[in-house]
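No lab work stands behind these numbers, since they all come straight from the coordinates. In this text, all values refer to a predicted model and were calculated from it rather than measured experimentally. In this analysis, Cβ positions are derived from the backbone assuming ideal geometry, glycine residues included, and neighbour counts consider all displayed protein chains.
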Amino acid sequence: MFVDRVLIELRAGKGGDGCSSMRREKYVPRGGPDGGDGGDGASIVLEARVGVNSLAAYANQRLFRATKGQPGQGSLRHGKKGRDQKLLVPPGTTVIDADQHFVIKDMKHHGEQFVIAKGGKGGRGNAHFKNSVNRSPRECTPGDEGETRFVILELKSIADVGLIGKPNAGKSTLLSCITSARPEIADYPFTTKHPNLGIVELSGERSFVVADIPGLIEGASEGVGLGHEFLRHVERAGLLIHLVEPFPADQTDPLENYRAIRTELQEYDPSLAQRDQIIVVSKAELEGANHVHQALEAETNQVVHLVSAIEGSGMSDLLEAVMQKVDARRSELIAAGEQVIDGRESLREPVKAVKKKRLPPHLHGPTAALSNEMQAKDFELDSDSNPTNEASQ
Ligand SMILES: Nc1nc2c(ncn2[C@@H]2O[C@H](COP(=O)(O)OP(=O)(O)OP(=O)(O)O)[C@@H](O)[C@H]2O)c(=O)[nH]1
Ligand SMILES: [Mg+2]
């Protein structure tokens with residue numbers, strides 16, 4: 001299941017109460033206060049991790065609670081701290097405050113983590129309040145409440161290039177042609193219901209990430225079709241590929257379709273409409289596709305690519321042009337002192353930690369070298385081949 005927006009409630013743990021206790025023991029006069037402090041409540045920590053691909057883990061569970069701190073006890077025993085709860089999210093997740101709608105944090109990199117709800121501090125035991133005037137205080141403080149927060153987690157895919165266009169334009173076919181991604185492809189509109197990402201690898205270790213999103217139609221801003229919702233997955237992309245189908249199944253005019261998508265982009269976010277774009281006419285092998293290509297070039301006054309995913313024609317020119325624009329944008333970002341987010345990072349398989357097996361002493365200690373040929377008595381005699389060292393290496 002692909003989930004890219006959830007509202008969750010986070011409740012950090014309460015701090016444990018401080019304890020009020022007096023030491024009473026035979027033969028120990030004036031034992032004094034010995035109430036321990038309460039342990040701190042656990043916090044809730046968000047961490048971006050490669051390999052977590054959607055927010056599906058939060059689709060069914062809405063409330064996340066961290067454990068409380070334990071209360072302090074007599075004999076100066078302090079309460080145990082609560083164990084922090086870690087929630088994993090995909091890199092590219094934006095954390096938004098649900099009450100006031102401001103962005104708390106944009107988690108772009110693997111391993112990035114931060115405390116979203118802080119646990120309450122533990123209370124203080126009466127031993128803390130002892131002073132020269134009051135040597136037997138009964139006073140102690142309760143633990144603080146942990147923070148409670150409603151947050152919206154929103155996933156905005158990290159891609160260099162966004163593929164947009166009308167449904168059935170051939171976006172998913174193009175993605176499957178240039179990357180190893182295998183999205184669903186069919187000759188009916190709205191085959192793609194959630195974004196798909198793929199990595200395009202060119203020679204010389206040059207690569208970029210492409211995001212294919214569900215098709216847009218006129219009125220998407222009013223929620224028609226799948227709406228605008230998925231456009232946020234190309235928001236981070238510095239470059240858009242606008243795919244235009246030459247002969248739409250619904251007999252509409254391809255130029256009109258092109259303009260309609262431009263209007264939808266403008267309505268969603270004017271900055272997205274101004275973003276650099278490469279226009280591509282798909283299904284080039286169909287007769288008459290080049291007329292559409294010429295008409296589009298005349299209308300937009302810019303180079304329009306003509307490609308066929310079936311025959312593979314025009315692909316290498318297109319990929320080279322895209323790579324150049326991606327490289328130029330990366331250099332621009334570096335020159336402006338901004339960080340370049342590596343989209344490939346979020347698609348990489350997570351590295352699984354290999355657990356070292358603990359060997360019993362007879363397999364790794366000095367005795368591991370014992371055999372019929374090497375007996376215990378030989379160890380001292382044969383000082384050159386030091387079996388103790390060999391075995392321990
Ligand atoms: N003849 C021809 N057909 C193509 C080409 N590329 C894609 N198609 C066909 O166009 C149809 C739609 O392709 P998709 O890749 O599913 O289109 P899409 O834009 O992803 O569509 P949605 O996901 O529904 O928005 C499929 O039947 C493809 O086989 C092409 O280069 N030539
Ligand atoms: Mg598709």
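With a cut-off of 11 Å, note down the residues of the range 52-83 whose backbone N falls inside the zone around a label point 7 Å from the Cα of residue 130 toward its beta carbon.
75-76, by backbone N distance to the label point.
What is the order of 102, 64, fewest Cβ neighbours within 10 Å to most?
Neighbour counts put them in this order, fewest first: 102, 64.
Grab the beta carbon distance between residue 221 and residue 298, set R0 = 35 Å, and tell me the FRET efficiency rounded to 0.05.
0.80
Return 103, 151, 209 ranked ascending by Cβ neighbour count within 10 Å, so the fewest neighbours appear first.
103, 151, 209
Output the pairs from 80/121; 171/193; 108/325; 171/283; 14/80 with a Cα-Cα distance over 18 Å in this structure; if there are none, say none.
In this structure, 108/325 exceed 18 Å between Cα atoms.
Using only DSSP helix segments of four residues or longer, with each worth -39500 (n - 2.57), what per-residue ellipticity at 222 nm results for the chain after dividing by its residue count and rounding to 500?
Here the helix-only value at 222 nm equals -5500 deg cm²/dmol.
In whole Å and largest first, what semi-axes does the C-alpha gyration tensor of the chain yield when each eigenvalue is scaled by 5 and square-rooted?
Here the semi-axes work out to 59, 36, 16 Å.
Put +1 on the Cβ of each Lys and Arg and -1 on the Cβ of each Asp and Glu in the chain; which of 128, 304, 261 then has its Cα farthest toward the positive end of the dipole?
Of 128, 304, 261, it is 128.
Taking Cα atoms of the range 1-54, Rg/Rh with Kirkwood Rh, to two decimals?
1.41
Among 314, 161, 148, whose Cα projects farthest towards the positive end of the dipole of the chain, with charges put on the beta-carbon of Lys, Arg (+1) and Asp, Glu (-1)?
Going by the Cα projections, it comes out as 148.
Rg/Rh for the range 161-347: what does it come to with C-alpha atoms and Rh from Kirkwood?
With Rh from the inverse mean 1/r over Cα pairs, Rg/Rh is 0.94.
Please report 147, 256, 373 as a ranked list, fewest other C-beta atoms within 10 angstrom at the top and most at the bottom.
So the residues, fewest neighbours to most, are 373, 256, 147.
Once fully extended, how much extra length lies between residue 80 and residue 28, figured as 0.36 nm per residue of separation less the alpha-carbon to alpha-carbon distance?
Extra length available between residue 80 and residue 28 comes to 15.9 nm.
Below 24 Å, Cα to Cα, which lysines can residue 355 reach? Residues fewer than 8 away in the same chain don't count.
Here the lysines satisfying the reach criterion relative to residue 355 are 86.
For the range 1-155, give me the percentage of DSSP beta bridges that are antiparallel, rounded to the nearest 5 percent.
Expressed as a percentage, antiparallel bridges in the range 1-155 total about 75.
Between residue 61 and residue 269, what is 0.36 nm times their sequence separation minus the Cα-Cα distance? Round to one decimal in nm.
Gain in length upon complete extension: 71.7 nm.
What angle do you read, to the nearest 10 degrees and between 0 and 90, between the alpha-carbon axis of helix 289-300 and the longest principal axis of the chain?
Helix 289-300 sits roughly 70 degrees off the main axis of the chain.
Quick check on the chain: of the DSSP beta bridges with both residues there, what percent are antiparallel, nearest 5%?
Of all bridge pairs located within the chain, approximately 55 percent are antiparallel.
Expressed in nm to one decimal, what extension gain is obtained for the pair residue 115 and residue 364 from 0.36 nm per residue of sequence separation less their Cα-Cα distance?
Result: 85.4 nm gained on full extension.
Please list 197-204, 162-169, 132-139, 71-78 highest first by mean number of surrounding beta-carbon atoms within 10 Å per residue.
So the peptides 197-204, 162-169, 132-139, 71-78, ranked by packing, come out 162-169, 71-78, 197-204, 132-139.
How large is the dipole of the chain about the Cα centre if only Lys and Arg carry +1 and Asp and Glu carry -1, each at its Cβ, rounded to the nearest 20 debye?
3380
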